[in-house]
Each structure stands twice: as structure tokens, then as C-alpha cells.
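The values are calculated or read from the model by the stated rules, or taken from the named source; none is laboratory data. This one's a predicted model, so the numbers in the text were calculated from it and none came from an experiment. Counting neighbours? That spans all protein chains shown, and the Cβs are built from the backbone with ideal geometry, glycine included. Ligands, DNA and RNA are stripped out before the accessible areas are found, and what is left, the full protein with its side chains, is counted by its heavy atoms. Shrake-Rupley method; radii C 1.70, N 1.55, O 1.52, S 1.80 Å.
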Amino acid sequence: MDKPILEDIAHNFTQELTLSEQGKKTSLPFIINQLPNHPLVAEGETFQVIGLGGSIFRSALITKKNNQLEVKTPIERSHPIFDTKEDFLSFISENLSPRISYLAINIAQAVEPFFRDGRLDGKLVGAAKEHRFEGLLGENVCEELEKFVKEDQGRDIKASIANDTICLMLSGLTKYPAENLAAGIVGTGMNFAIFLDATHAVNLEASDFDKFPVGPEAQTIDRHSEVPGFHVWEKETAGAYLHEHFNMQIRDKKIKYPFIKNTQELDSVIRQEIPQVSDIALDVMHTSAKMVGAMMAGIMNFYKKDVTFVMQGSLFWKGYEYKETVAKTLEELAPEYKADFAYVDLADYLGAAKLIA
């Protein structure tokens, strides 16, 4: 992809961020999450964090000691589909530790954040990943959970919740200051989050960005998708779709090679160095990385300073030359500033923990 196109993407993304911050309508949902001014849990207190809403349930007890977070016995296993409000709330209640009074939730669903009783709550505004949440859509998740636990167990808890991209960024607070932090999920899906200040974190829902030239493969993918016209950036760049870009190019060039099924196979094709075929696969991978790099450059130019990106996603960390291509693109499009990429161990737990600690 030519540098002028990437420069336009970076510029347009900076403009979208600037206009969104001013309260103007853009392609970005720009969902602001207000955080507490001070920790809600006391020194030495143990609380619980859970992650759910996709297919994996995560839970751990965390103790705050000397302003550090000690994660104890994290567990990870599959969880059921949540068809109803009762399914969801009862599952959490059943998995609550009897020792805790504070709970932080990392949810892989769309929530509309709001501040309630000194902590972040969220209204469930959509159902994805096969869940239906009948009876909970449009409801305040933590408020409903607190009432359910009181009725179910006769105990009082205080809960806080945030989207998984926000929690990823908050995990960076265990190592870095908020003023230089951003976060990105670059894997099967695509999203970024930024800080406006230490108590206002923004879920950009970056897959909705539309100020870029859409390629022919992404146009075809979009036309045949369940939601045409939505999340086109993701259809252009995310791991869920890159193998389809490759397959269409192989077909259009009339190259005899079997279609591949996922981005892991795309990576494998590149490494096999197959004449013509591997070059196409590499171009698909590099184009995605350059476009993601342009979006990240847009964030850096919005911040106007060095940025540490807390990153998650196998495409970013394991894709062939992916991280290196992103880094090179950032150097070209935001040369005044330095970008660092951070991986935070136990990020899903620590990020939720920072909602209250």
C-alpha cells in the first residue's frame, strides 16, 4: 500500500479522534468510561475479578498490597451460552467467592458505561457471540447483579464493569502512566482504546472507522456479510477475514492453489515460500499491518507524544512480520514520536482489577 494512502488514513483517524473529543458525530462511537478518582478497595483487601461474555470464563482473587496487585489462583475455562438474564446473573452468583465484597467484571460485550455510586457500571446494549441475554438488554448490569446476589445469597456486594478493550488498557496502569497509554486488540477482531486523562478512558470501537479507501476484497466480504456497511475496517484488516482476501486474489489471478480456511494458514503459506502464492499471502499480511500502523499513527498524532500501546491478539504478536511492519509504518507516519509495544501478563485480570483498585 502506497505511503500517501497510509498518510491519509493516519490523518483522517486523528481528525475523527479530535472531532469526537469535541462532542461531534464521527464514524467512531468514542465511548467514554469514567473511572474513580481513588481506589475503592482498601490496602490489604481481597476482591474478585471475572471475565466473561465470549466463550471463556476467567476468575481470580486479587489482594492489594503496597499498591501492588497480587493475583491468586486464576482459573480459565469455558462458560455456557447466556440466553437469559437469569442465566447470566445466576452464573456469576454461583461463581462468587464468599470472601469478597467487591467484584470487577471484564465483559466481551457492548456496554454503555455510566458512573453510579462512585464506580463504573454499564448498560448492556447488544448481544453478540451467540449470547442473547433476554431480559438484560438495556439494563444496568452491575445494579442488576447486586440486587440478584442480595436476593440469592443475602449478601451485599459492589460491582464494576467495563468492555474488554478498556480492561486491556487499564492493565497497562500496573506498569505505565495513563498519559502515555493506549491499547489495541489486533487478532480475530480489531479495536483500540485511548485515555483522555487519568479518569476518562475511551473505547473507540475502531472497527467502525470508515475514512479509508475500501479494497475490492473487503467490498465483496462486506456485501456478503450479515451486517453490510458495518465494521468495514475490520473486514479490511482483521484476522477473521485475511484468508478470504487471499482466496479471492488467488481466484482472480487464476492460480491453482487450494483455498485456505484461516489466518494461521495464511501465515503458514508465507513461510513455505511458494512461488507467486507466498507473495500474495505476504502482501495481504503486510497490507493489514500497514493499515493498522496508520491507525496507530493517528492515535500518536492525536496524543502528540510518545505512546506505549498495550497490545493483545495473535495476529499482532505472531503474524509473519506483522509487529515489525506496524513499527516501521509508525516510524514513517509519526516520526516525531516513539511507540512502544507492551504485553501485560494476566492483563484480563489486572485490567478489570484497576476498575476498583
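Can you list the trypsin sites (Lys or Arg not before Pro) in the stretch 285-357 that are in a DSSP coil and have 12 or fewer other beta carbons within 10 angstrom?
On the way: sites: Lys290, Lys304, Lys305, Lys318, Lys323, Lys328, Lys338, Lys354; in loops: Lys304, Lys305, Lys338, Lys354.
Qualifying residues, ordered by number: Lys304, Lys305.
Lys261 to Asp152: FRET efficiency via 1/(1 + (r/R0)^6), r the Cβ-Cβ distance, R0 25 Å, to the nearest 0.05? Show your work: numbers first, answer last.
Details: r = 43 Å, r/R0 = 1.74.
Step by step, r from the Cβ atoms, then E = 0.05.
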Q.
Helix check for the chain. Which DSSP H runs span at least 18 Å along their own axis by Cα, with a mean Kyte-Doolittle hydropathy no less than 0.0?
A. 277-303
Q: Within the stretch 284-322, find all residues whose amide N lies under 16 Å from a label point positioned 7 Å from the Cα of Lys253 along Cα-to-beta-carbon.
A: 284-288
Q. Using a simple spin-label model with points 7 Å from Cα along the Cα→Cβ vector, what separation in nm is obtained for Glu86 and Ala198?
A. 4.6 nm
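Return the subset of Lys3/Lys254; Lys253/Lys338; Lys72/Lys123; Lys24/Lys261; Lys123/Lys235; Lys24/Lys290 for which the Cα-Cα distance in this structure is over 31 Å, preserving the input order. The partial results should precede the final answer.
Working: Lys3/Lys254 29 Å; Lys253/Lys338 40 Å; Lys72/Lys123 29 Å; Lys24/Lys261 40 Å; Lys123/Lys235 27 Å; Lys24/Lys290 28 Å.
Beyond 31 Å between Cα atoms: Lys253/Lys338; Lys24/Lys261.
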Q.
Just to confirm, what accessible area per residue do you get for the chain at 1.4 Å probe, in whole Å²?
A. 45 Å²
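Based on alpha-carbon atoms only, what is the radius of gyration of the chain relative to the globular estimate 2.2 N^0.38 Å? Display every interim value, and only then the final one.
Working: Rg = 21.0 Å, N = 357, 2.2 N^0.38 = 20.5 Å.
My calculation over the Cα atoms of the chain gives 1.02.
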Q: For Glu112, put the label point 7 Å out on the Cα→Cβ axis and report which residues of the stretch 34-54 keep their amide N under 18 Å from it.
A: 34
Q. Top to bottom by accessible area (1.4 Å), largest first, where do Thr188, Thr26, Thr174 land?
A. Thr188, Thr174, Thr26
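Can you give the charge dipole size of the stretch 122-165 about its Cα centre, rounded to the nearest 20 debye, using +1 on the beta carbon of Lys and Arg and -1 on the beta carbon of Asp and Glu?
On the way: 7 positive and 10 negative charges, 16 e Å.
The dipole magnitude comes to about 80 debye.
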Q: Calculate the spin-label point distance for Ser93 paired with Gln272, positioning each point 7 Å from the Cα along the beta-carbon direction, and give it in nanometres.
A: 5.3 nm
Q: Please state, to two decimals, what the Cα-based radius of gyration of the stretch 148-307 comes to when divided by 2.2 N^0.38 Å (N = residues).
A: 1.31
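Looking at the stretch 56-136, which GluC sites (Glu not before Pro) are in a loop (DSSP not H, G, I, E or B) and have at most 16 other Cβ atoms within 10 Å? Could you put the intermediate results ahead of the total?
Working: sites: Glu70, Glu76, Glu86, Glu94, Glu130, Glu134; in loops: Glu130.
Passing sites in the stretch 56-136 are Glu130.
What part of the accessible area of the chain, given as a whole %, is carbon or sulfur when the probe is 1.4 angstrom?
Working: 7710 of 16020 Å².
Carbon and sulfur together cover 48 percent of it.
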**Q.** Loop-resident sites, the stretch 6-113, for trypsin sites (Lys or Arg not before Pro), counting at most 11 other Cβ within 10 Å (DSSP)
**A.** Lys24, Lys25, Arg99
(Q) Could you give me D for the stretch 248-333, from Stokes-Einstein at 20 °C and 1.002 mPa s, where the hydrodynamic radius is the Kirkwood radius over C-alpha pairs? Units µm² s⁻¹, please. (A) 152 µm²/s
**Q.** Relative intensity, log₁₀ I(q)/I(0), of the stretch 87-182 from a Debye sum that treats every alpha carbon as a point, q = 0.18, 0.22, 0.24 Å⁻¹
**A.** -0.89, -1.20, -1.32
**Q.** Virtual spin-label span in nm between Glu226 and Ile56, 7 Å along Cα→Cβ
**A.** 2.1 nm
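Pairwise over distinct Cα atoms, reciprocal of the mean inverse distance: report the Kirkwood radius of the stretch 1-144 in Å, one decimal place. It would help to have the intermediate numbers written out before the result.
Details: mean 1/r = 0.0562 Å⁻¹.
With all distinct Cα pairs of the stretch 1-144 included, I get 17.8 Å.
Is the shape of the stretch 190-235 best called rounded, prolate or oblate, per the rule: a/c under 1.5 gives rounded, else a/b larger than b/c gives prolate, else oblate, with a ≥ b ≥ c the square roots of the Cα gyration tensor eigenvalues?
Numbers: a/c = 4.35, a/b = 2.78, b/c = 1.57.
Since a/c reaches 1.5 and a/b is larger than b/c, the shape of the stretch 190-235 is classed as prolate.
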Q) Just how large is the dipole of the chain about the Cα centre, in debye to the nearest 20, putting +1 at every Lys and Arg Cβ and -1 at every Asp and Glu Cβ? A) 400 debye
**Q.** Magnitude of the charge dipole, the stretch 216-293, Cβ model with Lys/Arg +1 and Asp/Glu -1, debye to 20
**A.** 240 debye
